[in-house]
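> Dropping a structure here in structure tokens format, bear with me for questions.
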Amino acid sequence: MNDPAGTIDYMEGGVELLDQVVPLWEELNRHHQKLSEHFSDAMAARAFADRRSELVEKSNHGRLRVDVARTGAGDFVAYCIATVDPTGTGEIDSIFVQPALRNRGIGDALMRRAMAWMDALGTHSRVLNVAWGNDRVGAFYQRYGFLPRSTTFEKHRSFRRVCNETHFAPFSVSRSWKSVQNALSRSYFSMGILARKSSSSSR
């Protein structure tokens, strides 16, 4: 694949590659902070070390794969982290492509590599979570058979204070929920929406 950054090469590995994606994950986290209406502070406080520990724990009980894309100069520009748990459920845990290199098939290549890996392991279902406000990625995931199934609401730590500030809570919640309803009508995603892809084409 040719682009201004040069030829893109792909490589796969396990937990040993996690530290290579730190700058990319941090860029993704900043992107989510900008989109989040209620949890940007929690995202800002979240370090990759925390995420890494979660992924290592998942790998200890199941399987983990890291695919990375890098330029001919050796710069990492995209990644996809996928896992398979003991029950046979595969998950796209995290995927990111640097904005300057999007729409060039890199994300597609990473997804296909992860999905082929899950196929080889015989997963019976596949899931992923999308950050609230990031509805635009829904069309991308639909290409691989992922559709919205449920929405997860998490209690905010400042719930009591927010409830007293009625000018904030009702407006924000209703506005966000309306965006979810609109997204669902388009078969798109919003934060916490769990997408499931059956391993059988008949389901």
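The values are calculated or read from the model by the stated rules, or taken from the named source; none is laboratory data. Computed from a prediction, not measured in an experiment: that's the story for all the values here. All Cβ positions, even for glycine, are placed from backbone atoms using ideal geometry, and neighbour counts span all protein chains on display. To get the accessible areas, we keep the full protein, side chains included, count just its heavy atoms, and leave off ligands, DNA and RNA. Shrake-Rupley method; radii C 1.70, N 1.55, O 1.52, S 1.80 Å.
> Is the C-alpha gyration tensor of segment 1-153 telling us rounded, prolate or oblate? Criteria: a/c under 1.5 is rounded; beyond that, a/b larger than b/c is prolate, otherwise oblate.
It comes out rounded by the Cα gyration axes.
> Taking a probe of 1.4 Å, how large is the accessible area per residue of segment 1-94, in Å²?
Solvent-accessible surface per residue comes out at 48 Å².
> Please report the carbon-and-sulfur percent of the accessible area for segment 51-128; probe 1.4 Å, protein heavy atoms only, DNA, RNA and ligands left out.
Answer for segment 51-128 is 45 percent, counting heavy atoms of protein chains only.
> Sort 30-36, 20-26, 49-55 by packing, meaning the average of other beta carbons within 10 Å per residue, with the highest value first.
Top to bottom by mean Cβ count within 10 Å: 20-26, 30-36, 49-55.
> Between Asp85 and Gln20, what length in nm is gained on full extension when 0.36 nm per residue of separation is reduced by their alpha carbon distance?
The Asp85-Gln20 span can extend by a further 21.1 nm.
> Is the C-alpha gyration tensor of segment 88-136 telling us rounded, prolate or oblate? Criteria: a/c under 1.5 is rounded; beyond that, a/b larger than b/c is prolate, otherwise oblate.
Here segment 88-136 falls in the oblate category.
> Any chance you could run the full-extension gain for Ser125 through Asp108? It's 0.36 nm times the residue separation minus the Cα-Cα distance, nm to one decimal.
4.2 nm
> Here is a follow-up. Apply the a/c threshold of 1.5 to the C-alpha gyration tensor of segment 37-85 and tell me whether it is rounded, prolate or oblate.
Oblate, because a/c is 1.5 or more while a/b does not exceed b/c.
> Give or take rounding to whole Å, what are the principal axis extents of the alpha carbon atoms in segment 5-52, in descending order?
Cα extents, longest axis first: 38, 25, 11 Å.
> Okay, moving on. Taking amide hydrogens as modeled 1.01 Å from N in the peptide plane, which residues meet the under 5 Å criterion relative to Ser94, leaving out close sequence neighbours?
Correct list: Ile81.
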